[in-house]
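I have placed the structure first, in the form of structure tokens, so that the comments after it can refer back to it.
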């Protein structure tokens, strides 16, 4: 199981109601359903990925998360998951705001573009970095933005979003020091500002 999926599975509480936005092939949802007895649902735009989800027996709707979550009432899910999609969407601020409206907690995971290997590749090779977290050439990448751990924490501060938990990930284990420099990926649990940790 991928390290970020392991971390997210630890965060999700037993029997939680979960909505995964941009759920891909449903791999994470299947894990949460099996290991956490979670009531899971996904939204995915890609036809092929959605069909894989259906073959797994998952409830997945086809839709564009950037058009909003108008069909969902406030606080209707325990967790909204935005894992490995923040770098691929245009309306990131809107999607986060909608997720915080619909979910009691939002889990945001993304590759850290400020990782030391990415910095060194830019500095010494003058090329767009390719690594475990950013595995695409510039001409084939689905990424439209490159964010860092510091970018995201600054964003949360500016928007009065409470960071309840943050996990920083290396290639095969968590990173505990200098995460903006040494972490390949990050997973944050966020809530609306002023919320207290449970």
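Details
- Matching residues, the range 1-32, being farther than 23 Å from residue 92 by Cβ and assigned to a strand (DSSP E or B): 17
- The residue that is farthest from residue 105 (Cα to Cα), among those in the range 38-55 that are touching a strand residue (DSSP E or B) at 6+ places or on another chain (Cβ under 8 Å) and not in a strand (DSSP E or B), is 47.
- Set 61, 82: member being part of a strand (DSSP E or B) and surrounded by fewer than 21 Cβ atoms within 10 Å (Cβ to Cβ): 61
- Qualifying residue in the range 156-164 (condition: under 26 Å from residue 78 (Cα atoms) and without any contact (Cβ under 8 Å) to a residue 12 or more places away in the chain): yes
- Pairs, first within 13 Å of residue 170 (Cα to Cα) in the range 1-19, second assigned to a strand (DSSP E or B), C-beta under 6 Å, six or more apart: 3/169; 4/109; 4/185; 4/187; 7/167; 7/187
- With respect to being touching a residue at least 40 places away in the same chain (Cβ under 8 Å) and on the phi < 0 side of the Ramachandran plot, residue 109 fits the description.
- Residue match in the range 141-162 (condition: in contact with a strand residue (DSSP E or B) (Cβ under 6 Å, 6 or more places away or on another chain), surrounded by fewer than 18 Cβ atoms within 10 Å (Cβ to Cβ), farther than 28 Å from residue 67 by Cβ and modelled with pLDDT of 95 or more): no
- In the range 117-128 there is at least one residue that is buried (at least 21 other Cβ atoms within 10 Å of the Cβ), modelled with pLDDT of 85 or more and on the phi < 0 side of the Ramachandran plot.
- Filter pass, residue 35 being out of contact with any strand residue (DSSP E or B) (no Cβ under 7 Å at 6 or more places or on another chain), under 22 Å from residue 172 (Cα atoms) and not in a strand (DSSP E or B): yes
- Within the range 69-79, the set of residues being surrounded by fewer than 18 Cβ atoms within 10 Å (Cβ to Cβ) and under 27 Å from residue 167 (Cα atoms) comprises 74, 75, 76, 78.
- Restricting the range 178-196 to residues that are surrounded by fewer than 15 Cβ atoms within 10 Å (Cβ to Cβ) and farther than 19 Å from residue 147 by Cα, the residue that is modelled with the highest pLDDT: 193
The values are calculated or read from the model by the stated rules, or taken from the named source; none is laboratory data. Nothing here was measured: the structure is a model prediction, and the numbers come from that model. Counting neighbours? That spans all protein chains shown, and the Cβs are built from the backbone with ideal geometry, glycine included.
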